[in-house]
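Please treat every number below as a calculation from the coordinates, not as lab data. Since the model is a prediction, treat every value here as computed from it, not as a measurement. A quick note on method: Cβ atoms are made from the backbone with ideal geometry, for glycine too, and the neighbour counts reach across all protein chains shown.
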Amino acid sequence: MIQPDSIVFDLDGTLWDTCDACAIAWNVVLARGEISFRTITGDDVRAVTGRSHEECIRVTFAGLEEAEIQWLVEETMTEDVVQIRASGGALYPGVAKGLKHLSEQHQLAIVSNCQSGYIEMFYELSGLQSLFVDQECWGNTGEPKSENLRRVIERRQFKSPVMVGDTPGDQKAAIDNKIPFAHVSYGFQNCEGSDLQFASFEHLANHFLG
């Protein structure tokens, strides 16, 4: 594989984990709407992470009425931000240091299936915004990750990018854009046939720093 000039990261399950805070948010919204449903756990959120926010809600709350689903989609997008800002997200070990060093040799970007404002909140809480040259998400465009990845690649004129993520959806986005995919196995899901695989962010950073 050609040494990349740019690295595009997924966010949840790749750079940080906010699933426990999101579970709190979804339970708050259920109570607010007086919707009868079981208690949501962090593992419930992890099971659907990697999809668009709307799809996460539809899968998790399958069986509810469409009006309730639509209300949950809107309310949880806002409440997620409230709860994550209150309790924070957990950066994976080595992420802050690794990104700093990687940014000295590569252009870095984020592409996520999150709602609008979520990447900006990651920047705010982590203090890492200056290390990234661009970002895009489902909440801004309504488009799938493959399309948002294409937008970033074209917008920044990346010549040899690599996509880093933890889900088959991340892998599909890389394949659709004909670029290599690096799977981080510490994340939420398994991926078969990835071009590269890393058990830790430190391992990933060391590889691309050569």
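Taking the highest mean first, how do the peptides 167-177, 74-84 order by number of other beta carbon atoms within 10 angstrom per residue?
Ranking the peptides 167-177, 74-84 by packing returns 167-177, 74-84.
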### Message
Could you derive backbone 3J(HN,Hα) for the stretch 194-201 from the dihedral phi with the Karplus parameters 6.51, -1.76 and 1.60 (θ = phi - 60°), listing whole Hz in sequence and x where the residue is Gly or Pro?
### Response
5, 5, 9, 9, 10, 8, 8, 5
### Query
Picking from 26, 84, 71, whose Cα lies most toward the positive end of the charge dipole for the stretch 19-87 (charges on Cβ: Lys, Arg +1; Asp, Glu -1)?
84
### Query
Based on the Cα coordinates of the stretch 136-205, what is the per residue volume of their convex hull in Å³?
94 Å³
### Task
Return one number: the angle in degrees, 0 to 90 and rounded to the nearest 10, between the long axis of the Cα atoms of helix 145-156 and the longest principal axis of the Cα atoms of the chain.
40 degrees
## Note on the structure
For residue 73, the net charge from surrounding residues (Cβ-Cβ under 9 Å; K, R +1; D, E -1) works out to -2
### Query
In terms of modelled amide H atoms, which long-range or inter-chain residues lie less than 5 Å from the amide H of residue 143?
none
### Task
Count neighbours as other Cβ atoms within 10 Å of each site's Cβ, and list the trypsin sites (Lys or Arg not before Pro) in the stretch 1-52 that are DSSP loop with at most 16 such neighbours.
38
## Note on the structure
Partner lysines whose C-alpha sits under 26 Å from that of residue 178, ignoring same-chain residues fewer than 8 away, are 145, 159
### Task
Read phi for every residue in the stretch 86-99 and hand back ³J(HN,Hα) as whole Hz from Karplus 6.51 cos²θ - 1.76 cosθ + 1.60, θ = phi - 60°, with x for Gly and Pro.
6, 10, x, x, 9, 5, 5, x, x, 5, 4, 5, x, 5
### Task
Measure off 7 Å from each Cα along the Cα-to-Cβ vector at residue 35 and residue 154, then give the distance between these two points in nanometres to one decimal.
3.5 nm
### Message
Using DSSP to call loops (not H, G, I, E or B), can you name the GluC sites (Glu not before Pro) in the stretch 24-61 whose Cβ has at most 16 other Cβ atoms within 10 angstrom?
### Response
34
### Query
Rounded to a whole number, what is D in µm²/s for the chain from Stokes-Einstein with the Kirkwood radius over alpha-carbon pairs (25 °C, 0.890 mPa s)?
142 µm²/s
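Show me the GluC sites (Glu not before Pro) within the stretch 122-210 that DSSP assigns to loop and that have at most 16 other Cβ atoms within 10 Å of their Cβ.
192
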